[in-house]
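First up is the structure itself, then whatever we jot down about it.
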Amino acid sequence: MKRSLPMLFLLAICLRPTLADFEAGRLAFEKGDYRTAVKEWMPLAEHGNAEAQRRIGGLYEAGQGVARSEAVALNWYRRAARQGNVKALAELGWICPHQNERAQLLLGAEKPLLRLADAGDPEAQTTVARI
């Protein structure tokens with residue numbers, strides 16, 4: 001047990017900045033400081049954080065803090081969706097230009113997406129309606 005405590009402490013220290021960076025990005029986004037949100041979320045997105053990927057996709061879709069690019073937004077949404085991020089799947093339902101690709105991405109994600117739609121999420125409801 002004594003040996004595992006230092007390891008747990010080290011793990012907690014390593015994870016804390018990741019959580020803090022995401023929260024810092026969220027707070028910056030809420031204040032309309034989109035450049036800072038990008039700065040905080042981009043490293044997380046690049047390292048596989050699906051929620052950060054989804055949010056970076058949203059920033060590119062809207063052109064907030066970055067040059068607007070639907071192609072780049074789609075790329076980030078796809079990356080998050082492949083990890084099972086249901087909100088990213090819903091976003092793809094809005095902007096994905098190819099219905100076949102939408103259907104393919106949603107294949108296997110149907111149950112979580114339906115649960116989200118049943119819970120009243122309007123993006124998920126729209127995505128389900130468009131399938």
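The numbers here are math on the coordinates, done by the rules we state, and not lab data. None of these values were measured; they are calculated from a predicted model.
Taking 0.36 nm per residue of sequence separation and removing the Cα-Cα distance, the HIS47/ASN75 pair yields an extension gain of 8.6 nm. Multiplying the residue separation of THR126 and ASP33 by 0.36 nm and removing their Cα-Cα distance gives an extension gain of 30.6 nm.
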